[in-house]
Amino acid sequence: MKPGYQKYIPFQPQKIENRTWPDRVITKAPVWCSVDLRDGNQALVDPMNLQEKLEYFHTLVDIGVKEIEIGFPSASETEYEICRELIEGGHIPDDVTIQVLVQAREHLIKKTFEAIRGAKNVILHFYNSTSTLQRKVVFHMDTDGITKIATDAADLIYEMSKPLIDQGMNLRFEYSPESFMGTEMDYAVEICQAVLEHLHATPERKVILNLPTTVENCMPNQFADMLEYFCRKIPGRDSAIISLHPHNDRGTGVATTELGLLAGADRVEATLFGNGERTGNVDMVTLAMNMWTQGIDPELDFHDINKIKEMFERCTKMPVGDRQPYAGKLVFTAFSGSHQDAINKGSQYMKDSGTEYWEIPYLPIDPADVGREYEPIIRINSQSGKGGAAYIMEHNFGFDLPKAMHPEFGSVVQHETDAVGTEITPERINQLFHQTYIDVDGPYKLLKHAFQETIDGEGHSHVAFQGTIQHTDTIFQVSGEGNGPIDAFFNAIKGEKMARFSFLDYASHAITDGSDSQGVAYILLQDQRDGKKYWGVGLSHNINLAPLRGILSAINRAKRARHHE
C-alpha cells in the first residue's frame, strides 16, 4: 500500500476568519427529516416492498418524525405506486409532510407533480450535481451551465406549483447542490442564491437549502468551517432553511452533523441506524440520543428501541451491529472488571443518595430510557472482576453480598470462566453461588433445633437454644444460652470441635417480598488455628434459622478446605 496514498488529492480547507461555531452549543433539536424510504431503501440489496414501506412509514410517524422523504416517484413505477398508496390510502397524518425527490430534469419533474396530487403537505426536493469533480468528469460543463440546469428546474417547479398551492396544498421547495462538500463555497453560494431567487423565496415562504455531504471527504471541523462560511455569504439567509444530508464515508457522519448544527444548520436528513449508500447516511438514533444525554429533548421517541430495531432488521434485511450506539446488543454491557465495579458503585450511589440525575460510570444513559431495563448490563467472562458476579447476584437473584465477600465469590466465578473459556450465564453464576455457600450440607448438619426467648422488664432478650447436630455418622445434642439466637448457638457448640471458630461479621436481608418472604444471612468466621476466614450463607423463611445455617455453611467450608489441603 505504501506508495498508493500519493494518488489522492488532499482536501483544501475553506479559509475563514473569526469562526464562531467552536464556541456554540447545541440547545435544541433540529428539524428532522427521514430519508429511510428513499436514500436508505435504494441502498438495499432487495428494496422494500409496499407493505414493508408502509410499516416503516408508520414507525417513523410513531417516532415523531414530521418530514419523511418517501421516495423518487419519477424513477420507477414501484416508487410512483408507493407514493400514490400513501396519499390515497390515508396513511399520512395531517401534521406530517411527505418529501419527494427528483432530478432537475423536465420530464421527471412533471411526473413528480402527477405523483403528489391530492397530498396535503409536500416538500418537492430537486437537485443537480455542482462539485468540481462532477463538472469535470461527468457533465463537462462550466458553472454557468450547471446553474442554468438548477434555475430552469426552479422556474418549472415554481410555475407548476401555483395551481396546487391555490387549491390548498402546503407545497414547499427544497434544493440540493449535490456534492456540496466538493463544490467551491463561493460557487455553492452563487448557485443557491440563484435558486432562491427563481423560487421567489421570502422569510414567510422559506426554501430548504439542503447541503449534502454526498461523499464525506474532510474532517468535521473543516465541514463546519465551510458551512459557517456559506451561511455568512448567502444573501437572503432569512429566506432559507439550512439542511444537512451527511454520509459516513470517513466514519464521522455524526460529528459532521453536530458540528454542522453549531455552524448554522437548522435541519437534518438522516436514517434509522445510518442505513444508506456505501457506509450509509448519518444515524438519526445516535444523533437524537446524543442530545438526550445532554439534557436536550430530541423531540423523537426511542423509548422502545428494540421494537424499532426489530422492524428495521425485518424490513431492510440489514442487521444492527452489536456495538451500534444505543441500540446494539452489547452497548450497555460491561465485561471488564473495573467497569463492572464502577457501575456497581454508581448504582449503589444512586440508591443511597437519592440523586435526581443519572450518575453511573460507563453508562451514558439509563438503559431504561430506550426500553432496555430488563437486559443484562453486567455479563461475566474471563475479563470480569470481583464486583461483576456480586452485581449479577443482586440484580438477577436478590442476593446483596457484603462487600468483603465480593473477592472470594469473584474468584470462584473467575475459576469457572478460566476453565470454560467463554461467557457464563447468570443462571450458572447463581448455581455456583448455591454450590459454594448454600448447598454445603456436610460434615455438620443441624437436624433439629428449638429456641426459647424471654424478655425481662428492661427489654433485654434472653435466648435458650437446644439442637441436634449430625457430624458424618455421629449425632449429638447441644444447648446454650445467649442474648440472641447467634450468641446462644455459639455458646451451645463451645464444647465441640466447632468451637475453634470465632465470629467476625454478619449481615442479613430479605430476598423475597410478602408474608412468606425468605431471608438470607451472610456469616464470616475465622479459624483460630490458622487465622483463615470463611464465609457461609444461610437461607430460610425463619429469620432465626438463616444465620445458623450460615454458621454451619462457613464451618463446613473450612472443614472441606482443610481436607483438600
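The values are calculated or read from the model by the stated rules, or taken from the named source; none is laboratory data. Owing to the predicted nature of the structure, the values given are computational and were not obtained by experimental measurement. Heads up, the Cβs are rebuilt from the backbone with ideal geometry, glycines too, and the neighbour counts pull from every protein chain shown.
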Matching residues in the stretch 460-486 (outside any strand (DSSP E or B) and farther than 23 Å from SER508 by Cα) number 2
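Going through VAL254, VAL189, VAL195 one at a time, which residue ends up being part of a helix (DSSP H, G or I) and under 26 Å from the mean Cα position of the chain (by Cα)?
On the way: VAL189 fails: under 26 Å from the mean Cα position of the chain (by Cα); VAL195 fails: under 26 Å from the mean Cα position of the chain (by Cα).
So the residue among VAL254, VAL189, VAL195 that is part of a helix (DSSP H, G or I) and under 26 Å from the mean Cα position of the chain (by Cα) is VAL254.
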Is at least one residue of the stretch 312-329 surrounded by fewer than 21 Cβ atoms within 10 Å (Cβ to Cβ), out of contact with any helix residue (DSSP H, G or I) (no Cβ under 7 Å at 6 or more places or on another chain) and in a helix (DSSP H, G or I)?
-> yes
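Is there a residue being within 25 Å of PRO10 (Cα to Cα), among the hydrophobic types (A, V, I, L, M, F, W, C) and either more than 17 Å from the chain's Cα centre (by Cα) or assigned to a helix (DSSP H, G or I) (or both) anywhere in the stretch 234-242? I'd like the intermediate steps shown before the answer.
We begin by selecting, within the stretch 234-242, every residue within 25 Å of PRO10 (Cα to Cα); these are none.
Looking through the stretch 234-242, none of the residues is within 25 Å of PRO10 (Cα to Cα), among the hydrophobic types (A, V, I, L, M, F, W, C) and either more than 17 Å from the chain's Cα centre (by Cα) or assigned to a helix (DSSP H, G or I) (or both).
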Are there any pairs, at least 6 apart or on different chains, whose C-beta atoms fall under 9 Å, with the first in the stretch 87-103 and in contact (Cβ under 8 Å) with a residue 60 or more places away in the chain and the second of a type in the set (S, T, N, Q) and surrounded by fewer than 16 Cβ atoms within 10 Å (Cβ to Cβ), and if so, which?
-> THR97/ASN170
Picking from SER502, SER508, SER517, which residue would you name as being loosely packed, with under 14 Cβ neighbours inside 10 Å and under 26 Å from HIS395 (Cβ atoms)?
-> SER517
Would you be able to say whether some residue in the stretch 147-159 is loosely packed, with under 15 Cβ neighbours inside 10 Å, touching a His at 6+ places or on another chain (Cβ under 6 Å) and outside any loop (DSSP other than H, G, I, E, B)?
-> yes
Given (1) in contact (Cβ under 8 Å) with a residue 60 or more places away in the chain; (2) touching a Gly at 6+ places or on another chain (Cβ under 7 Å), GLY321 misses just (1)
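Does GLN435 fit the bill of being surrounded by fewer than 16 Cβ atoms within 10 Å (Cβ to Cβ) and either over 19 Å from ALA507 (Cα atoms) or of a type in the set (A, V, I, L, M, F, W, C) (or both)? Write out each step before concluding.
On the way: surrounded by fewer than 16 Cβ atoms within 10 Å (Cβ to Cβ): yes; either over 19 Å from ALA507 (Cα atoms) or of a type in the set (A, V, I, L, M, F, W, C) (or both): yes.
So GLN435 fits the description; yes.
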What are the pairs, 6+ residues apart or on separate chains, where a residue within the stretch 249-278 that is under 25 Å from THR59 (Cβ atoms) and outside the structural domain of PHE230 (by TED's automatic domain parsing) has its Cβ under 6 Å from a residue that is in a helix (DSSP H, G or I) and small (Gly, Ala, Ser)?
-> none
Under the condition of being of a type in the set (S, T, N, Q) and at pLDDT 90 or above, which residue from the stretch 349-382 is nearest to GLY410 (Cα to Cα)?
-> SER353
Pairs with Cβ under 8 Å, 6+ apart, first in the stretch 122-151 and farther than 27 Å from CYS33 by Cα, second of a type in the set (A, V, I, L, M, F, W, C) and modelled with pLDDT of 85 or more = ARG135/ILE146; PHE139/ILE146; THR143/ILE191
Quickly run through the stretch 438-459 and pick out the residues that are exposed (fewer than 11 other Cβ atoms within 10 Å of the Cβ) and either assigned to a helix (DSSP H, G or I) or of a type in the set (Asp, Glu) (or both).
-> ASP456, GLU458
All conditions in (1) under 18 Å from the mean Cα position of the chain (by Cα); (2) on the phi < 0 side of the Ramachandran plot; (3) surrounded by 21 or more Cβ atoms within 10 Å (Cβ to Cβ) are true of GLU269 except (1)
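Do any strands (runs of 3 or more DSSP E) entirely within the stretch 1-107 hold 2 or more residues that are surrounded by 18 or more Cβ atoms within 10 Å (Cβ to Cβ) and of a type in the set (Val, Ile, Thr), and if so, which? Reasoning before the result, please.
Values: elements: 31-34, 67-71, 97-103.
In the stretch 1-107, the matching strands (runs of 3 or more DSSP E) lie at 67-71, 97-103.
Name the single residue, out of those in the stretch 160-177 being surrounded by fewer than 18 Cβ atoms within 10 Å (Cβ to Cβ) and of a type in the set (S, T, N, Q), that is nearest to the chain's Cα centre (by Cα).
Kept after step one, since they are surrounded by fewer than 18 Cβ atoms within 10 Å (Cβ to Cβ), are these residues of the stretch 160-177: 160, 162-163, 165-170.
Remaining after also requiring of a type in the set (S, T, N, Q): 167, 170.
Details: GLN167: 45, ASN170: 36 Å.
Only one residue tops the list, namely ASN170.
Taking GLY64, is it touching a residue at least 12 places away in the same chain (Cβ under 8 Å) and within 27 Å of the chain's Cα centre (by Cα)? Let's see the steps before the verdict.
Details: touching a residue at least 12 places away in the same chain (Cβ under 8 Å): yes; within 27 Å of the chain's Cα centre (by Cα): yes.
Criteria met by GLY64.
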Collect the residues in the stretch 508-546 that are within 26 Å of GLU453 (Cα to Cα), outside any strand (DSSP E or B) and in contact with a Ser or Thr (Cβ under 7 Å, 6 or more places away or on another chain), keeping them in residue-number order.
-> GLN518, ALA546
